[in-house]
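The values are calculated or read from the model by the stated rules, or taken from the named source; none is laboratory data. These numbers were taken from a predicted model, which means no experiment stands behind them. Ideal geometry is used to build each Cβ from the backbone, glycine not excepted, and the neighbour counts take in all protein chains shown. Surface areas here come from the heavy atoms of the whole protein model, side chains and all, with no ligands, DNA or RNA. Shrake-Rupley method; radii C 1.70, N 1.55, O 1.52, S 1.80 Å.
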Amino acid sequence: MSSSTSSSPQESVRRQNLGALLRYIHVRGATSRAELTSRLGLNRSTIGALTADLATAGLVDEGVPHETGRAGRPSIVVRPRSSRVYGYALSLELDRLRAARVGLGGKVLDGRTAQRPPGPDPAPTIAALAALVADMQRTAPADAVLVGSGLAVSGSVRHHLGWADDTLEPELAGALQPRLGQSAGPFLGGIADLAALAEHTRGAATGADNVIYLHGDAGISAGIIAGGRRITGFGGHGGEVGHMVVNPGGRLCGCGSRGCWETEIGERALLHLAGRAIATPGAAMTAAMHAAQDGDELARDAVLHAADWLGFGVANLVNIFNPTVVVFGGTLRELFLTGADQVRHRLYTMALPACREHVALHTPQLGDDAPLVGAAELAFESLLSDPLYAAKP
Ligand SMILES: [Zn+2]
């Protein structure tokens with residue numbers, strides 16, 4: 001491979017086309033050359049040359065399709081080399097750590113979960129994440145190529161433990177780089193932000209360019225995609241919708257303000273209203289939802305109250321961002337499923353018709369894995385932007 005960093009117009013068009021082609025195969029899986037020709041708007045000989053370049057770089061392979069019942073010569077199929085080209089996806093949540101080795105094309109090849117070490121010191125958590133990666137690396141094939149890593153960080157970890165990205169990122173990079181090399185990241189993103197990316201790329205919001213993903217755990221955060229782009233703000237801290245003030249006379253929030261959205265719909269608020277202890281965060285929430293469904297009146301009132309506030313905030317967000325899809329993830333999934341009528345009622349009475357008419361409300365198609373899948377998308381980003389450059393060993 002030429003070490004081409006030249007920027008002649010032809011070369012930059014070629015790089016763009018290589019990226020577009022590899023991205024298409026990464027997202028859609030095995031694709032015929034005929035489909036690539038029509039979808040990418042390039043002629044057959046260009047597609048042939050581009051796929052040959054990607055095959056030489058070890059990123060795709062080509063072959064005849066599995067089903068050959070039709071008459072005529074079948075179009076060659078281009079497949080991502082998922083077992084050879086991979087990234088690490090990591091997720092740092094309030095109560096657990098997750099790590100996966102994910103192949104090009106989004107195929108999960110290996111995975112690990114561990115409890116997050118307790119306490120306010122980030123060092124044991126960083127060491128534990130690095131250990132999960134090291135454990136998976138021992139079983140990765142010797143000829144496999146690592147192209148990057150991504151980390152989804154829960155906003156609750158950031159706020160409740162006071163861990164700042166500008167210490168977390170370099171410390172984690174320092175722990176991982178002896179094993180992974182310089183270019184491997186990790187690249188950080190918020191948990192809702194990366195879940196939005198995942199659902200947008202290969203889940204409930206595929207094909208939608210205006211998406212809001214709401215994630216609930218101890219706090220509430222949003223991943224916002226507008227015009228097909230992630231909105232993360234100047235320092236990556238955009239989407240902190242949990243601290244949008246919805247009830248100025250409400251309870252004091254951990255952030256110092258009063259009546260923030262998460263003081264009305266957060267797990268802590270809901271369990272408090274339902275008269276339940278916060279023993280194991282996620283499990284207690286699910287138990288409260290089930291109790292509400294089974295007719296426990298206190299639990300039911302708490303859920304309906306919280307669902308009403310959920311709809312209140314969603315209606316405001318729908319008016320501001322005019323999304324076509326809103327996805328409810330984490331603890332908000334259960335809250336939405338139980339109190340969907342309340343959410344829809346608020347949306348109907350508060351959101352402008354032009355904004356609410358086109359919005360679909362969904363739960364995550366990727367389930368709990370959405371943040372991890374999104375972290376993998378971050379891991380592949382530099383490869384997909386410039387395949388031949390990034391794939392060099
Ligand atoms: Zn707050």
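What the Cα atoms of region 294-393 give is an Rg and a Dmax of 18.4, 61 Å. In this simple spin-label model, placing a label point 7 Å from the Cα along the Cα-to-Cβ direction at both Met244 and Leu352 gives a separation of 1.5 nm. If I model a spin label as a point 7 Å beyond the Cα along the Cα-Cβ vector, how far apart are those points for Asp209 and Ala340 in nm? In this crude label model, Asp209 to Ala340 measures out at 2.9 nm.
Solvent-accessible area of region 260-356 (1.4 angstrom probe, protein heavy atoms only): carbon and sulfur portion equals 54 percent.
With each label modelled as a point 7 angstrom along the Cα→C-beta vector, the Glu297-Ser38 pair spans 6.2 nm. For the pair region 171-221 / region 25-66, the C-alpha centres are spaced 27 Å from each other.
Here the relative contact order of region 52-135, from alpha carbon pairs under 8 Å that lie six or more residues apart, stands at 19 percent.
The residues of the chain expose on average 45 square angstrom of accessible surface per residue, using a 1.4 Å probe on protein heavy atoms. Counting only Cα atoms, region 25-164 measures 65, 31, 27 Å along its principal axes, largest extent leading.
Considering every alpha-carbon pair of region 117-161, the percent of pairs per 5 Å bin, from zero through the bin containing the longest distance, is 5, 16, 21, 23, 14, 10, 7, 4, 0.
Debye sum, Cα scatterers, region 189-299, no solvent: what log₁₀ I/I(0) at q = 0.10, 0.17 1/Å? Scattering profile of region 189-299, log10 relative to I(0): -0.36, -0.90.
For the chain, dividing the convex hull volume of the Cα atoms by the residue count gives 171 Å³ per residue.
Per-atom-type breakdown for region 68-148 gives carbon and sulfur 52% of the accessible area (1.4 Å probe, protein chains only).
Multiplying the residue separation of Phe234 and Ile320 by 0.36 nm and removing their Cα-Cα distance gives an extension gain of 29.1 nm.
Taking a point 7 angstrom from the Cα of His290 along the C-beta vector, which residues in region 335-370 have backbone N less than 14 Å away? None, by backbone N distance to the label point.
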